[in-house]
Amino acid sequence: MMLDSNYKNLIIGVFLAIVCMLVLPYFIEYYTLSLLIIYSILALSLGLVWGFGGILCFGQAAFFGLGAYSYAVFAINIGESTLPFLLAIIVPATFAFILGAIMFYGRLTDVYLGVITLVVTLILFRFINSTASPEYMIGTAHLGGFNGIPNFQTLNIPGMPDAYIWDLDFYYVCFVILILSYLGLHFLVRSSFGRVSIGIGQNEQRAELIGYDVRKYKTILFAVGGGLAGLAGALYASWAEIVTPGLFSLGQSAEVIIWCIVGGVTRLSGPIFGAVILGLLKYYLGQQTLIDNNLVFGVILVIFVLFLPQGLAPAISSVWKKLLTAKKSTRNKLRKRAPRQMQRGHLNE
Amino acid sequence: MNEIVLETHNLNMHFGGVKAVNNVDFTLRENELRCLIGPNGAGKSTFFKCLTGLNKPTSGEIYIRGEETTHWHTHQISRLGIGIKTQVPNVMDGLSVWENIWLSARRYHDVKQANRRVEEVIERIKIGDITKKLLGELAHGQRQRVELAIVLAADPWLVILDEPAAGMTGQDVEIMVDIIREINRSAAMIIVEHDMQFIQSIANQVTVFYQGSILMEDHVDNVLADQKVRDVYLGRNV
Ligand SMILES: Nc1ncnc2c1ncn2[C@@H]1O[C@H](COP(=O)(O)OP(=O)(O)OP(=O)(O)O)[C@@H](O)[C@H]1O
Ligand SMILES: [Mg+2]
C-alpha cells in the first residue's frame, strides 16, 4: 500500500516529535518540560471542542481540576495508580457529558454557553475552597479546602505500586501520552463522527437540515474534550504531588484559551504550539521581576487577536510544508473557518 | 388521485400580534410540484419554517404521510426523507463542495456508498469542476446549486425549497429550472418563490399567500390572470 501524503506527513511528524522528546531534556529541565507537555494536552482538549466543534468553553480548567482531584482522591483510597488514573478521565468526561447534555439539549446559544461554563468553574472553585473542615471526606481522602490534597500515590508502573514513574521517566510517559492523544484526535476528526462534528461547528442549522442530531454530537464531543482535560489533570496531580483549588481557577481557564488563540485552533498542532511557547515564556518571565507577567500575556493576546487571528499554527505549518514539498496554498483566508482536515475534497482516498 | 404526502390543519404561527401564518389548511400530493407565492411578508417563509421544524407553530397540526410532525425537531423531519433549503443560503463555507455533499450523503449511507452517492449527485447537478473548492469561494449561483446537491444527496422523496432562485440571473435561473424539473421526477416539491417568470416556467399548481392566509390556489395560468392576485402583488389591499 502506498501511503498518501497525509500519512507521510503524520509519520514524519510523529518521528520529529520523538526526536524532540529525546533531545529537549538536554536544553530544558525535564521537570519544566513535563509541565509544558501536560499543558499541551490540556490545550489540545480545548482545541478539539473549540476548533473542531465550534464550542467555546470558558471552563476547560474545571475538567482539568476535576481530573486532578479525582486522581488524588482515588489514589488515596485505592493506592495503586492505574484505576485512579482511568477514573480521572472518566469522572470529568461524565461531568462534561452531563453538563454538555444540559447545555446542548437546552439549546443554549454561544453566549450562555460561555457564561455557564464560566460559572460552573467558579462554583467548583468556591466549593473546593470551602472544604477545609474535616467532615469533607471522600473515603479516606480529606478534600482539604484551600490547602488542597497532598500525599497521594503518584503514577506507578501498572500493577506495581512501589515502582513510581518519576523524573525523566515521568517526562517520557507524559510525552508519549501527548503523542497518543494527538494521534487519537487526528483519527477522531477524520472519522465520520469527527467530520460531522466539524460540519456542525461550521453550520449547525445545515447539519440539522440534513438530519443530524446536533445536540448529541456536541455533547459527545464535549465529553471527549472533558475526558482529555481530565487526563491532563491526572498527570498534573502526579507532577505536582499536590492538588489545590487553584486548578479550577478562572486564571487557569483563561490561560488555556490564550494558548489556543496564540497557537490557533484550525489544526490540532496549534494548541500544542501555543501551550509550549507561552508556557516557556511564562517560565522565563517568572525568573525575573522587571516586567509583569500578565502585562506581557495581555499584550501578546491583543497582538494575536488583532493581527494573527488564526494563530501560529498555519504559519508554522506552511513553513513545514515548504520544507517538505514546496507546495503553496493560496486559500489561507478561508482556512480560518474550518479545520484543515476537512478542506481537502477527498479525505478518505 | 395521488396519495396525500403533507397536510396542515388550521396552522397558526403568531409573533405577538402579527399573524404570520393564519389558519392555513394546505395539502400536497405525491409527485406534485407546488409553488407558494405571495408578496413580501406574506408569511411564506414562516409557513416553510413551520413545516420544517425551524419554527414551532402556535397552534394547528402538520401531518407528513399521515404522521403528526407538528412539534418535531428539524433533524427528525429531515430524516423522514425530506430535503430542505432555507431562504438564506445554509452551507458550510469553510468546507469543500465535496465535503458538504458528503455529509448529507453520509447520514443515510455507509462511507463507501456515501462516496459513490456524492459522485452521482455531482454528475447530476453538473458541478464536477468545482468539487474541491470551498463553499466560501463560490459565486452565489454556484452556492445555490451546491445547496441543491446537498439536498439531493440524501435521496429525498419530498423537497421543500425557500426561494431557490433568489438573487440569481439569466443562465443560473435556467440551470435551476432544469435541476428542479429533474428533482421533481423522483420527489414531490414545495417551492416558495417570488419571481413570476421563474414560477411560470416550472409551476402547475400555485398557492398564493397573503397576510398569512391562503388567498387562492389554482393552476398557474389562472392565478396569474386573477385580478386579486395582481392587486396583491402591486401592493393594493384586497
Ligand atoms: N421571528 C419573527 N419574529 C417576529 N416576526 C416575524 C418573525 N418571522 C417573521 N415575522 C413576521 O412574519 C411576517 C411574515 O414573514 P415571512 O418571512 O414569513 O414572509 P415571506 O412571505 O417569506 O416574505 P419574503 O418574500 O420577504 O421572504 C412578516 O410580517 C414578518 O415580519
Ligand atoms: Mg421568505
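None of the figures in this text is laboratory data; all of them are computed from the coordinates on show. This one's a predicted model, so the numbers in the text were calculated from it and none came from an experiment. No Cβ is skipped: glycine too gets one built from the backbone with ideal geometry, and neighbour counts run over all protein chains shown.
Residues B:Glu7, B:Glu193, arranged from fewest to most other Cβ atoms within 10 angstrom of their Cβ, appear as B:Glu7, B:Glu193. With helices as the sole contributors, chain A gives -22000 deg cm²/dmol at 222 nm; each DSSP H run of n ≥ 4 counts as -39500 (n - 2.57), and the sum is divided by every residue.
Shown here is the pair-distance distribution of the range A:171-227: with all Cα-Cα distances grouped in 5 Å bins from zero up to the longest one, the shares run 4, 18, 24, 21, 13, 9, 6, 4, 2, 0 percent.
Distance between the C-alpha centres of the range A:7-57 and the range A:139-155: 28 Å, rounded to the whole angstrom. Of all DSSP-defined beta bridges confined to chain B, some 55% are antiparallel rather than parallel.
Evaluate the Kirkwood expression for the hydrodynamic radius of chain A, namely the inverse of the mean inverse distance over all pairs of different C-alpha atoms, and round to one decimal in Å.
For chain A, the Kirkwood estimate is 20.8 Å.
For the range A:131-175, the calculated P(r), taken from all Cα-Cα distances in 10 Å bins from zero up to the bin holding the longest distance, is 24, 33, 29, 14 percent.
Among the chymotrypsin sites (Phe, Trp or Tyr not before Pro) in the range A:116-159, those placed in a DSSP loop whose Cβ has at most 16 other Cβ atoms within 10 Å are A:Tyr136.
Coupling constants for the range A:233-242 follow from the phi torsions by the Karplus curve (6.51 cos²θ - 1.76 cosθ + 1.60, θ = phi - 60°), and in residue order they are x, 4, 5, 4, 4, 5, 5, 7, 6, 7 Hz; glycine and proline get x. Measuring max minus min along each principal axis, the C-alpha atoms of the protein assembly as shown give extents of 89, 60, 48 Å (largest first).
Of the DSSP beta bridges with both residues in the protein assembly as shown, give the percent that are antiparallel, rounding to the nearest 5.
60 percent
Nearest 10 degrees, 0 to 90: what angle lies between the long axis of helix A:192-202 and the longest principal axis of chain A (Cα atoms)? For helix A:192-202, the angle is close to 80 degrees. Over chain B, the reciprocal of the mean inverse Cα-Cα separation, the Kirkwood hydrodynamic radius, stands at 18.3 Å.
Listed by chain and number, the lysines whose C-alpha is less than 17 Å from the C-alpha of A:Lys322, apart from same-chain residues fewer than 8 away, are A:Lys8. Compactness of the range A:203-319 is given as radius of gyration and Dmax, 17.3, 57 Å, from Cα positions.
A Förster distance of 25 Å, applied to the separation of the beta-carbon atoms of A:Ile242 and A:Ile98, puts the FRET efficiency at 0.35. In this structure, the residue pairs whose Cα-Cα separation is over 32 Å, taken from A:Lys216/B:Lys49; A:Lys282/B:Lys132; A:Lys216/B:Lys132, are A:Lys282/B:Lys132.
All alpha carbon pair distances within the range B:82-155 were sorted into 10 Å bins beginning at 0; the resulting P(r) in whole percents reads 23, 58, 19, 0. Projecting label points 7 angstrom from Cα along Cα→Cβ for B:Asn23 and A:Leu306 puts them 6.1 nm apart. Here the spin labels are modelled as points 7 Å beyond Cα on the Cα-Cβ line, and at A:Arg126 and A:Phe193 they lie 3.5 nm apart.
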